[in-house]
Structure formats: C-alpha cells, structure tokens
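Any read-out appearing in this document is the output of simple, stated calculations on the displayed coordinates, not a laboratory observation. This one's a predicted model, so the numbers in the text were calculated from it and none came from an experiment.
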Amino acid sequence: MKEFFQKFPLWFWFAWVVVMILLVINTVQGYSTALNAIAMLILAIANGIRIWKSQRYTAIILLVVSIFCIITLVKTSLL
C-alpha cells in the first residue's frame with residue numbers, strides 16, 4: 001500500500017477525484033465542453049507535476065500541451 005501511495009501521492013488522488021466529479025456532473029447536467037477541457041487540463045498538469053522526477057521529458061510534453069490548450073481556450077473565448 002505504501003508503494004501505491006508513493007506512486008500516486010495524496011494530492012494527485014484529490015485532484016483526480018475532483019476532476020472526475022466535475023466530469024460526471026458536467027456529463028449529467030450538460031453545461032459545456034469548456035468545463036470538460038478545463039477538467040482534463042487540471043488532470044494533465046497534475047500528472048505532469050507528479051511524474052516530473054521520474055519521467056521529465058513526458059512531463060515537459062504534458063505541460064507544454066496544457067499551455068497550448070489553455071491558450072486555445074482563451075483565444076476561442078470558451079472560458
């Protein structure tokens with residue numbers, strides 16, 4: 001169990017649960033796709049931070065893609 005929590009820290013579980021609740025509520029209520037995009041961005045950024053030490057190249061790619069997605073959301077004024 002200790003190895004499992006070292007692989008997935010508590011703060012990442014919290015972010016994952018919040019994102020999943022947001023996705024489920026958004027799917028049921030049908031608010032907007034921008035909320036889904038924001039939720040997935042939160043998860044991608046959290047995952048990038050989580051794997052920074054072990055897989056730095058993948059983390060950099062995740063964070064760069066997240067930045068481009070944020071720019072796209074702002075430019076298309078979905079926020």
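Short-range pairs are left out: with C-alpha atoms under 8 Å and at least six residues apart, the relative contact order of the chain is 26 percent. Let a ≥ b ≥ c be the square roots of the eigenvalues of the Cα gyration tensor of the chain; is it rounded (a/c under 1.5), or, if not, prolate (a/b larger than b/c) or oblate? It comes out oblate by the Cα gyration axes. Evaluating 6.51 cos²θ - 1.76 cosθ + 1.60 at θ = phi - 60° for every residue in the range 17-33, the Karplus couplings come out as 5, 4, 5, 5, 4, 4, 5, 5, 4, 5, 5, 6, 7, x, 5, 6, 6 Hz, glycine and proline recorded as x.
How much length is gained if the chain between residue 2 and residue 40 is pulled fully straight, taking 0.36 nm per residue apart and subtracting their Cα-Cα distance, in nm to one decimal?
Values: separation 38, 0.36 × 38 = 13.68 nm, distance 2.70 nm.
Value of the extension gain: 11.0 nm.
Listed by chain and number, the lysines whose C-alpha is less than 17 Å from the C-alpha of residue 53, apart from same-chain residues fewer than 8 away, are 7. Remark on residue 52: its backbone amide H falls under 5 Å from none of the residues 5 or more positions apart or on other chains, H modelled at 1.01 Å from N.
Note on residue 25 and residue 13: the extension gain reaches 2.5 nm, defined as 0.36 nm multiplied by sequence separation minus the Cα-Cα distance.
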